[in-house]
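The values are calculated or read from the model by the stated rules, or taken from the named source; none is laboratory data. Quick caveat, the model's predicted, so the values are computed rather than measured. All Cβ positions, even for glycine, are placed from backbone atoms using ideal geometry, and neighbour counts span all protein chains on display. Surface areas here come from the heavy atoms of the whole protein model, side chains and all, with no ligands, DNA or RNA. Shrake-Rupley method; radii C 1.70, N 1.55, O 1.52, S 1.80 Å.
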Amino acid sequence: HLRLVESGGGLVQPGGSLRLSCKISGLTLDRFAIAWFRQAPGKEREGISCISGSRITTNYADSVKGRFTISRDSARNTASLQMNSLKPEDTAVYYCAAAWGSYTTCTLQNSNGRYGTWGQGTQVTVSS
């Protein structure tokens, strides 16, 4: 089975950058999509980026498009989210999640619990 552990969160000033990592262990295969979700205070959990198992497909929420970049490195069993030009509204707990069977596509919606494996979350705070 898969285990996901996020790291890389912290406190950063507006305009700064952070790189989040999602360590994948247990069962390492490419036949699953990885997505990043976040939940900010007072807001519902939001899917912000995903990458298919094949890395053919990536998707980004409008709120982060052009600022965030998702990637995965199967050889090192990690997926990453590079976050640039951070804004205070990016403050949230960030989670990575895996959707089994998503090799060529991915979605930002967790419909019917599509993303069944989740990390513990890492806090990102953007503040001056």
Legend entry - Dipole in debye (nearest 20) - region 1-83, about Cα centre, beta carbon charges: Lys, Arg +1; Asp, Glu -1: 120
Legend entry - Per residue value of the accessible surface for the chain (all protein chains in place, 1.4 Å probe), Å²: 50
Legend entry - Sulfur and carbon atoms: percent of accessible area, region 8-128 [1.4 Å]: 46
Inset, instruction - Report the full-extension gain for the segment Arg19 to Asn84: residue separation times 0.36 nm, less the Cα-Cα distance, to one decimal in nm. - result: 22.6 nm
Legend entry - Distant-in-sequence amide H partners of Ala61 (H built 1.01 Å from N, under 5 Å): Ser49
Legend entry - region 1-73: radius of gyration and largest Cα-Cα distance (Dmax), Å: 13.3, 38
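Could you work out the relative contact order of the chain? I mean the mean sequence separation of Cα pairs under 8 Å and 6+ apart, divided by the number of residues, in percent.
Details: 348 pairs, mean separation 47.0, N = 128.
Over the chain, the number comes to 37 percent.
Given 25 °C and 0.890 mPa s, compute D for the chain with the Stokes-Einstein relation, Rh being the Kirkwood radius over Cα pairs; round to the nearest whole µm²/s.
Here the translational diffusion coefficient equals 172 µm²/s.
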Inset, instruction - Could you please report the charge total around Ser128, scoring K, R as +1 and D, E as -1 over all other residues with beta-carbon less than 15 angstrom from its beta-carbon? - result: -1
Legend entry - Reachable aspartates and glutamates, given that their alpha-carbon falls under 18 Å from the alpha-carbon of Lys23 and they are not under 8 places away in the same chain: Glu6, Asp73
Inset, instruction - Calculate the spin-label point distance for Val5 paired with Thr104, positioning each point 7 Å from the Cα along the beta-carbon direction, and give it in nanometres. - result: 3.5
Inset, instruction - Under 20 Å Cα to Cα from Lys87, which aspartates and glutamates show up? Leave out anything in the same chain fewer than 8 places away. - result: Glu44, Glu46, Asp62
